[in-house]
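Structure first, then comments.
The values are calculated or read from the model by the stated rules, or taken from the named source; none is laboratory data. Source: prediction; values computed, not measured. Glycine gets a Cβ as well: all are built from the backbone with ideal geometry, and neighbour counts include every protein chain shown.
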Amino acid sequence: MINSRFSPTLLLNRLHRYIQSNHIHGGDLHKKPTKKPRPHKLTRNQLRTPIPFLTHLKQCQNPDEFLSVFHDFCDTGYKHDYPSYASLTYKLARARKFDDVEAVLDFLRTHDIRCGEPLFIGLLRHYGKTGAADRALEVFSEMGKSFNCVRTLQSFNTILNVLADNDRVSDAVKLFGDAPKLRFRLNSVSFNIMIKMWLEKGDWENAKKVFDEMLEREVEPTVVTYNSQIGFLCKRGDVDSAKRLFEDMRTKGRRGNEVTYALLMEGLCASGRFDEAKKVMFDMEYHGCKVHLKNYGVLLTDLAKRGLIDEAKSLLVEMKKRRIKPDVVMYNILIGYFCKQGAASDAYKLLVDMQVKGCTPNAATYRMVVDGFCRVEDFIGGLKVLRAMMYSNHFPRIETFCCLCIGLFRGGKIDEACFVLEEMNKRKMSLDWDSWETIVRESCADDEFVIARFDDVFSCV
């Protein structure tokens, strides 16, 4: 006989009471227990312990105080580490406080503090931007001797680029040739710097020699290597040579990018071979390169230059079909053309159309349209765009303000002209004396009301 404690009826009753007491529905009996939420993963910056000196340095806005803050921390017994020296040097160099930079370098040298190569690479670049190539060379030379810093090919390429950018051709050639003695194995970046330098000098023969040397040393050319040469040949008008180089690039298994195709297309358009340029663009995807705005921009610019606006508009429709959205630069190309041709109303329609399609105008867009209206002496139209421009927190040049103001006064639009003057005053901009003389002479001769309004404006200018 089965024990009554384990009878099926008793077990079912107990189970029923258990379900009710725990508010469990029959359908949830097999529900998986909910997982506990994972703790929030902290980022590297959140895990990093704040460095007091860096925090204080970041809050300091006056470059003249950067070095004194550094010494103040030293006086309190604070021990600086590499991030402190790197950040201080970077901020001083960026602020062009190179005397203070030298003081930091002296501190590193006298205290035998070892710093990483990135500190010196950043410093070399800043020296290069200010034209101090000689000092950059000295620092590069001192890195291993005075600062116990191991120089790699990255710092070598940095100083090589500084010399090239500062037109120190002979120094760059010497350094490039001395690379084996300095125990640097040149890479594609090294060769690209030299090729770029010779091309900027217009010396195709020397650039070609460097390229040939690159191939002899079995250094793999990059897309940058080819782009610089293709761009140079196209600008020189030798498009056929550029095409041959492009084909050579492809046969060697190196794919071009959108810049490669854009350079070739620009050369073809400049040579009057628009249809061929368009074909090159449509061949891009077949060769594994996605068409970008840059490529459409080349075609659009050429059409606008030749006044083929209907074709340019068709190109925009074609872009829409391919789901490529025109950007503000492309719209500005057409707007600029309309304004130069005296079709300010068409430019304004395009300005409205681009906003409807979700493209936000920039300052250049508004300036072109306002200037375009002023050029055709439609100053009310220009004022309308000016209001929209200021609402978008963009402002015209003072010359545009002056032209608009004078035009409104000449047309008898006194209130509108005074509005422009008031807006100029808010931005601490003022007309020159010739403009004032023009306004007074042509607009205010015998009108007491206008003179009164001028007094009001003069009182706050």
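L54: of a type outside the set (S, T, N, Q), closer than 29 Å to N157 by Cβ and either modelled with pLDDT under 80 or exposed (fewer than 12 other Cβ atoms within 10 Å of the Cβ) (or both), yes or no?
So L54 fits the description; yes.
Taking R427 as meeting all but one of (1) modelled with pLDDT under 85; (2) touching a Cys at 6+ places or on another chain (Cβ under 7 Å), write down the number of the exception.
(2)
State the number of residues belonging to the stretch 245-278 that are of a type in the set (D, E) and under 26 Å from A312 (Cα atoms).
Keep residues of the stretch 245-278 that are of a type in the set (D, E), which gives 247-248, 258, 266, 275-276.
When the remaining residues are screened for being under 26 Å from A312 (Cα atoms), the result is 258, 266, 275-276.
Of the residues in the stretch 245-278, 4 are of a type in the set (D, E) and under 26 Å from A312 (Cα atoms).
Kindly indicate whether E117 is within 27 Å of A172 (Cα to Cα) and over 28 Å from the mean Cα position of the chain (by Cα). Give the derivation first.
Details: within 27 Å of A172 (Cα to Cα): yes; over 28 Å from the mean Cα position of the chain (by Cα): no.
When the stated conditions are applied, E117 does not pass them.
Got a number for residues in the stretch 229-256 being over 19 Å from K196 (Cα atoms), under 30 Å from the mean Cα position of the chain (by Cα) and surrounded by fewer than 13 Cβ atoms within 10 Å (Cβ to Cβ)?
Qualifying residue count for the region: 1.
Taking only the stretch 165-174 into account, find how many residues are farther than 14 Å from V210 by Cα, of a type outside the set (D, E) and in contact (Cβ under 8 Å) with a residue 12 or more places away in the chain. Let's see the steps before the verdict.
First pass over the stretch 165-174, keeping only residues farther than 14 Å from V210 by Cα: 165-168, 170-171.
The next check asks that each one be of a type outside the set (D, E); those that pass are 166, 168, 170.
With the extra rule that they be in contact (Cβ under 8 Å) with a residue 12 or more places away in the chain, the set shrinks to 166, 168.
Summing the residues that are farther than 14 Å from V210 by Cα, of a type outside the set (D, E) and in contact (Cβ under 8 Å) with a residue 12 or more places away in the chain in the stretch 165-174 gives 2.
When K357 is evaluated against the numbered criteria (1) modelled with pLDDT of 90 or more; (2) within 22 Å of M330 (Cα to Cα), which criterion, by number, is the only one it fails?
Unmet for K357, out of (1) modelled with pLDDT of 90 or more; (2) within 22 Å of M330 (Cα to Cα): (1).
Identify, by number, the condition in (1) under 24 Å from the mean Cα position of the chain (by Cα); (2) in contact (Cβ under 8 Å) with a residue 12 or more places away in the chain that Q355 doesn't meet.
Q355 satisfies every listed condition except (2).
Check off (1) at pLDDT below 95; (2) touching a helix residue (DSSP H, G or I) at 6+ places or on another chain (Cβ under 7 Å); (3) surrounded by fewer than 18 Cβ atoms within 10 Å (Cβ to Cβ) for Q154 and give me the number that stays unchecked.
For Q154, the exception is condition (1).
Across the stretch 220-248, which residue is farthest from G297 (Cα to Cα) among those that are free of Cβ contacts under 8 Å to residues at least 24 places away in the same chain and assigned to a helix (DSSP H, G or I)? So that I can check it myself, show each step before the final result.
First pass over the stretch 220-248, keeping only residues free of Cβ contacts under 8 Å to residues at least 24 places away in the same chain: 238, 240-241, 243-248.
Those left that are additionally assigned to a helix (DSSP H, G or I): 240-241, 243-248.
Values: D240: 22, S241: 23, K243: 20, R244: 24, L245: 23, F246: 21, E247: 23, D248: 26 Å.
Filtering first and then ranking leaves D248.
Which of the residues belonging to the stretch 172-219 are over 19 Å from F232 (Cα atoms), in a helix (DSSP H, G or I) and aromatic (F, W, Y)?
F176
Go over the candidates I406, I414 one by one and state the one that is over 13 Å from E377 (Cα atoms) and crowded, with 17+ Cβ neighbours inside 10 Å. Give the steps one after another, and end with the answer.
Details: I406 fails: over 13 Å from E377 (Cα atoms).
Result: I414 is the single residue among I406, I414 that is over 13 Å from E377 (Cα atoms) and crowded, with 17+ Cβ neighbours inside 10 Å.
I'd like to check something: does the stretch 373-383 contain any residue that is buried (at least 23 other Cβ atoms within 10 Å of the Cβ), under 20 Å from R427 (Cα atoms) and touching a residue at least 12 places away in the same chain (Cβ under 8 Å)? Quick ask: steps written out before the conclusion?
Looking only at the stretch 373-383, we keep the residues that are buried (at least 23 other Cβ atoms within 10 Å of the Cβ), and these are 373-374, 379, 382.
If we keep only those that are under 20 Å from R427 (Cα atoms) too, we end up with 382.
Those left that are additionally touching a residue at least 12 places away in the same chain (Cβ under 8 Å): 382.
Within the stretch 373-383, one or more residues are buried (at least 23 other Cβ atoms within 10 Å of the Cβ), under 20 Å from R427 (Cα atoms) and touching a residue at least 12 places away in the same chain (Cβ under 8 Å).
If you go through the stretch 282-299 one residue at a time, do you hit one that is surrounded by fewer than 16 Cβ atoms within 10 Å (Cβ to Cβ), without any contact (Cβ under 8 Å) to a residue 24 or more places away in the chain and under 23 Å from Q341 (Cβ atoms)?
no
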